[in-house]
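Right, one structure below, let's go through it.
The values are calculated or read from the model by the stated rules, or taken from the named source; none is laboratory data. Bear in mind the structure is a predicted one, so any value in this text is a computation, not a measurement. Here the Cβ is made from the backbone with ideal geometry for all residues, glycine too, and neighbour counts use every protein chain on show. Surface areas here come from the heavy atoms of the whole protein model, side chains and all, with no ligands, DNA or RNA. Shrake-Rupley method; radii C 1.70, N 1.55, O 1.52, S 1.80 Å.
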Amino acid sequence: MVHATAVLNYDTLRNIFEHTWQHDSGVYDRKTLAHVARASRLLSEPAMDVLWSRLDGLHPLIRLLFITDAGEAVENVQIPSADNSEQSFLSSRYTIPERAWSRFQRSARRVKFLAYDERADKMNPAIFSALSDRAHNDTIFPSLCEILWCTTIPCNLEFANFLIPQLRVLRVSLHLSIGINSTLSNDPETQGELLQVLHPRCQNIEILTLDGHIPESWDVLSQFQNLKTLSLFSILLDDVAMSTFASSEILQNLNIDLPWTDYSAVNIPNNNSAFKALRRLDMASNKNDWRIFSTFLRYISSTELAFLRIRHQPSIRIFQMEDYGGPATLHILNERWAYSLTEIAIHVRDCFTIEVGLEEVGRFLEPLLPLRRLERVTLELSNTPPRAIFLQDEDIRMMADSWPSLQSLRIELNEGHPDTNFSGPSLYSLSQFATKCHRLVRLELPYLQSDIQMALMMQLVRSARSSQPHGLRHLHVHHLVSRQPQDHFTDLAMTVIFLGITFPNLALHDGIECIVLHCCWSMTADMLEVIPRNL
């Protein structure tokens, strides 16, 4: 009897392994993949390719050479001094046997992502020299696409010899070496011209991240002809740097810390060609003036800006916000990109300073409401108590009316929880989304009031039954507060019925038990899991 043998092709097996070896927490399950690789010859190659495709350090590869810090495969050689004097010193030279080199190459050719931290890995420079000598003109990592390189000041450029023209993503993070004065960390001469060393080796970079590195000349960036994504962190930029970025005709994504203490000092040539291809912008500032954002936005000539994130963390508290522009300065968004912006995120810390009182979220919403094509909105607003920021029913109604294409909305206010005396948004506000935002699938709100009366509840239920089922799938409310604490179980039952009928596809995210008095959200999530959806 002939037995049929099931054979899956390589691409199918690799695709399965790539989608299953990473947990939801972001941890890679290397142990399971290693077991799979040993299970059969059929599974070995695709499992090994995925297992070695991502390395968080060089040590796994170096172990294949049997080179350790204990001195295995090491010979000490006498090296003459540079000035030809009689003095000399001992240096370690690593020798790599043929079999060990073949084993190293079999795994190195599979690596696509490599993270190398000079401070954590503490590799002997002689190892890099041995690898370069053994490889000759061959590429050590022929499949390498992305590198995360944490280097130090002054830079040790031995690792740069491993970079290849095929590299597409390079992220460089610069740190101080022991003994280097922190005042020199922003000195380009101390850092060395890292970009000039990198460019000849990897001219095809498309995504470049620099954290803490200041080039001697920003003109080097313009030599990366394929650069589409640029991220700059912890760098004191000047107008020359900004003009260099602005002149790029292909730069699509920019992530930048805005540097100026005086927004009026910005000097980018306003020739209607700055950032002409920009589609995604992520900008941050710890200055006190909101106008720094609007000033920078005015220099952008691209009409296709689709994503904007603003991270504002003032270094000192602002006592008269109106003197510093405030969020109203963002009206430029409607002037320039009302028909292109589809996603916006605003993260603000310490945004108001009046000692007591309430502030409505509507102040931040007002310049965003004209952006009719928004699909994803995130608002994270915080402030130092006792100044509190609150969300109102009217805010929910305005968002539902203004953003008919909304797919995801996340609002987080991390202070000033409402109590039974506060008139915050009610469950009725969710019906606004149900009737006006048909594409909404994800919603996160800070709190809701469960105070719907029976007559109104029955009206909402009849309306939900007579319309198409809404597609909302993910809902999380940090605090569900009953306006009638003495009868909050009745409120809870009505809430569950309303949610189950209005949003039949809903799956509630059950979080940590809320400490706010009469908060019933956790119980609501539990009940919704067991009630029938066809009441």
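Going 7 Å from the Cα of LEU148 along its beta-carbon direction, which residues of the stretch 203-244 have the amide nitrogen within less than 20 Å of the resulting point? Label zone hits: 205-213, 229-235.
Compared with the direct C-alpha span, the chain from HIS331 to HIS476 gains 49.2 nm at full extension, assuming 0.36 nm per residue.
Label sites at GLN313 and GLN223, each approximated as a point 7 angstrom past Cα along Cα to Cβ, lie 3.4 nm apart.
Note on ASN505 and SER301: the extension gain reaches 69.2 nm, defined as 0.36 nm multiplied by sequence separation minus the Cα-Cα distance. With a simple spin-label model that places each label point 7 Å from the Cα along the Cα-to-Cβ direction, the separation between ASP526 and ASN9 comes to 5.1 nm.
Once the Cβ-Cβ distance of SER243 and GLU366 is raised to the sixth power relative to R0 = 25 Å, the FRET efficiency obtained is 0.15.
Could you sort SER222, SER243 by accessible area so the largest value comes first, with the probe set to 1.4 Å?
Putting SER222, SER243 in descending order of accessible area: SER222, SER243.
Setting aside same-chain residues fewer than 8 positions from LYS276, which lysines have a Cα under 24 Å from its Cα? In chain and number order, the partners are LYS228. For LYS122, a cut-off of 29 angstrom between C-alpha atoms picks up these lysines, skipping any fewer than 8 places away in its own chain: LYS31, LYS112.
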